[in-house]
Amino acid sequence: MQATCSLCPRHCRLSEGKTGFCRARRNQGGKIVSLNYGKMASLALDPIEKKPLARFHPGSFILSAGSFGCNLRCPFCQNYEISQADEKFPVQEISPEALVRLAVDFSHKAMGNLGIAFTYNEPLISFEFVRDTAKLLQQEGLSAVLVTNGMIEEEPLRELLPYIDAMNIDLKAFSEEFYRWVKGDFAAVRRTIAMAVEACHVEVTTLVVPGKNDSLEEMEAEAKWLSSLDPDLVLHISRYFPRWQMEEPATDIGRIQELCRVARRYLKYVCTGNC
């Protein structure tokens, strides 16, 4: 029996036992199930600025949790070891309740802890686990943060947003061509950003890849659009480094500075990353 995954814009149509493009969702008995529910590939207490979030409780720490899988194929991925992994990747299993207890314990320690950031791989493909954990965090008065590529359909995003306090959303580029290259959906990501801005604290990251998304005209269009949503929105303009399938030299720092100057014509808060 075939089943269609309705979580993200890919709408993977899967035969019995087959796994989707993200490597983390499978058709079992005609139903799409999560393969990475509660399966942690990485867990660490990080500064909030590392997410990166510049204007959400700066100076704080947050428990960062990641699993395996992703619904994009960025050839420059910095976390490809887990983002491109599948269920064979070594993980530690943990329930939402146990993860929240850990977050609460850290919140009582000297450094403190804001809550949990779902990060490292693409957290939205772990929709059910993120939702269940975020609900418990809200009950404890702790924050739920998403570091995401924004590739999710409208209905599941609406279900999730009431439990999310902050998001850093990758806007990979401001062009259809770039999103075709990374196997993504430009319109869906813009919709996610627009919906999230209405619901929680949002910051956006664009990683600049030389020759792909580094034109001043494209950055101007991006910054102008983001400003139309919220002129106080934070934009992080980050530097590409050779990784996974790409060996091209790192982005020139001077180009990053030029792009920042363009973005600052429209946005109040523009930060450089990886420089």
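Since every read-out is calculated from the coordinates, none of them should be taken as a lab result. Since we're looking at a predicted model, the values are computed, not measured. Note: ideal-geometry Cβ built from the backbone for every residue, glycine included; neighbour counts use all protein chains shown.
Peptides 199-208, 230-239 ranked from most to least packed, by the mean per-residue count of other Cβ atoms within 10 Å: 199-208, 230-239. So for the chain: antiparallel DSSP bridges make up what percent, rounded to the nearest 5? If we restrict to bridges inside the chain, about 35 percent are antiparallel. The ranking of Lys50, Lys39 by Cβ neighbour count inside 10 Å, starting from the fewest, reads Lys50, Lys39. Within a straight-line Cα-Cα reach of under 23 Å, Lys18 can be paired with the following lysines, leaving aside sequence neighbours fewer than 8 residues apart in one chain: Lys31, Lys39, Lys88, Lys183. Taking 0.36 nm per residue of separation and subtracting the current Cα-Cα distance, fully stretching the chain between Gln257 and Asp46 would add 73.3 nm. Put a plus charge on the Cβ of each Lys and Arg, a minus charge on the Cβ of each Asp and Glu, and nothing anywhere else: the dipole of segment 3-273 about its Cα centre is then about 260 debye. Collect residues whose amide H, placed 1.01 Å from N in the peptide plane, falls under 5 Å from the amide H of His236; neighbours closer than 5 in sequence don't count. For His236, the qualifying residues are Val204, Thr205, Thr206, Cys271.
Simple spin-label estimate for Glu93 and Lys135 gives 2.1 nm between the two label positions (7 Å along the Cα-to-Cβ direction from each Cα).
Which stretch or stretches of segment 186-230 have amide N atoms under 14 Å from the point lying 7 Å from Met246's Cα along the Cα→Cβ direction? The answer is 206-215, whose backbone nitrogens lie closer than 14 Å to the label point. Backbone amide hydrogens, once placed in the peptide plane, bring Cys77 within less than 5 Å of Gln245, excluding anything fewer than 5 places away on its chain. Comparing Gly150, Gly254, Gly69 in a Gaussian network model of the chain (Cα springs below 10 Å), the most mobile by mean-square fluctuation is Gly254. Using 0.36 nm per residue and subtracting the Cα-Cα separation, the extra length available between Thr272 and Arg73 on full extension is 69.2 nm.
Using the Karplus relation 6.51 cos²θ - 1.76 cosθ + 1.60 with θ = phi - 60°, the per-residue 3J(HN,Hα) values for segment 186-200 come to 4, 5, 5, 5, 4, 5, 4, 4, 4, 5, 5, 4, 7, 10, 7 Hz, with x marking Gly and Pro.
Of the GluC sites (Glu not before Pro) found in segment 139-174, those that fall in a DSSP loop while having at most 14 other beta-carbon atoms within 10 Å are Glu140.
Rounded to the nearest 20 debye, the dipole magnitude of segment 1-148 is 440 debye, with +1 charges on Lys and Arg beta carbons, -1 on Asp and Glu beta carbons, and the Cα centre as origin. Label zone (Met111, point 7 Å along Cα-to-C-beta; backbone nitrogen cut-off 17 Å) within segment 46-71: 46-53, 57-66.
The length gained on full extension between Lys31 and Ser228, counted as 0.36 nm times the residue separation minus their Cα-Cα distance, comes to 66.9 nm. Straight Cα distances below 17 angstrom link Lys50 to the aspartates and glutamates Glu122, Asp165, Asp170, Glu203, with same-chain residues fewer than 8 positions distant left out.
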